[in-house]
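Participant: Here it is, the structure in full.
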Amino acid sequence: MLENSWYSVISPENCSAILWRTWDYKEQAAEALKPTAQDMLNFKLVDGIIPEPLGGAHTDITAMAQTIKDTILQQLAGLSSLDPQARISQRIDKFSAMGVFRE
């Protein structure tokens, strides 16, 4: 996941509107949603965070595309060295653990 991106099934504004019937609580909704790349990594929903150039990915699209390509190729090289059954087992374990909450 790119370091300055965020992922959520709902925007903080709309979450606030549903829960409090106003957009006034969008900051609290954003904090509860935890949509940042670091949050996603902490929850093990993404495998890593891809660094962006100063100013964001849009400041140098060509370099950012190359960084993404290099990251994908590096990950594929690591995965292709695994036994196919081990790769499948890891994938099942990864997705089975998503959404499970433990204190």
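The values are calculated or read from the model by the stated rules, or taken from the named source; none is laboratory data. Computed from a prediction, not measured in an experiment: that's the story for all the values here. Cβ atoms come from the backbone with ideal geometry, glycine included; neighbour counts cover every protein chain shown.
The rows are residues; the columns are (1) over 21 Å from Trp6 (Cβ atoms); (2) surrounded by fewer than 12 Cβ atoms within 10 Å (Cβ to Cβ); (3) in contact with a Gly (Cβ under 7 Å, 6 or more places away or on another chain).
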{"position": "Gly56", "(1), (2), (3)": "no, no, no"}
{"position": "Thr59", "(1), (2), (3)": "no, yes, no"}
{"position": "Thr62", "(1), (2), (3)": "yes, yes, no"}
{"position": "Gln66", "(1), (2), (3)": "yes, yes, no"}
{"position": "Asp70", "(1), (2), (3)": "yes, yes, no"}
{"position": "Leu73", "(1), (2), (3)": "yes, yes, no"}
{"position": "Ser81", "(1), (2), (3)": "yes, yes, no"}
{"position": "Ala86", "(1), (2), (3)": "yes, yes, no"}
{"position": "Ser96", "(1), (2), (3)": "yes, yes, no"}
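Participant: Can you tell me which residue is nearest to Glu52 (Cα to Cα) among those in region 9-37 that are surrounded by 13 or more Cβ atoms within 10 Å (Cβ to Cβ) and among the aliphatic types (A, V, I, L, M)?
Facilitator: My answer is Ala37.
Participant: While we're on this one: If I go through region 13-38 residue by residue, how many of them are under 30 Å from Gln90 (Cβ atoms) and out of contact with any Phe, Trp or Tyr (no Cβ under 8 Å at 6 or more places or on another chain)?
Facilitator: Residues that pass the stated criteria total 2.
Participant: Return the residues of region 47-70 that are modelled with pLDDT under 95 and under 23 Å from Phe95 (Cα atoms); say none if nothing qualifies.
Facilitator: Within region 47-70, just Asp47 meets the criteria.
Participant: Looking at the structure I just gave you, is Glu52 surrounded by fewer than 12 Cβ atoms within 10 Å (Cβ to Cβ) and either in contact (Cβ under 8 Å) with a residue 12 or more places away in the chain or touching a strand residue (DSSP E or B) at 6+ places or on another chain (Cβ under 8 Å) (or both)?
Facilitator: Judged against the criteria, Glu52 is not a match.
Participant: Would you pick out the residues in region 38-47 that are loosely packed, with under 13 Cβ neighbours inside 10 Å and among the acidic types (Asp, Glu)?
Facilitator: Listed by number, the list holds a single entry, Asp47.
Participant: Could I ask something else about it? Only one of Asp47, Asp39 is under 15 Å from Asn4 (Cβ atoms) and among the charged types (D, E, K, R); which?
Facilitator: Answer to the selection: Asp39.
Participant: Residue by residue through region 1-20, note down the ones that are closer than 18 Å to Ile68 by Cβ and assigned to a loop (DSSP other than H, G, I, E, B).
Facilitator: Met1, Glu3, Asn4, Ser5, Tyr7, listed by residue number.
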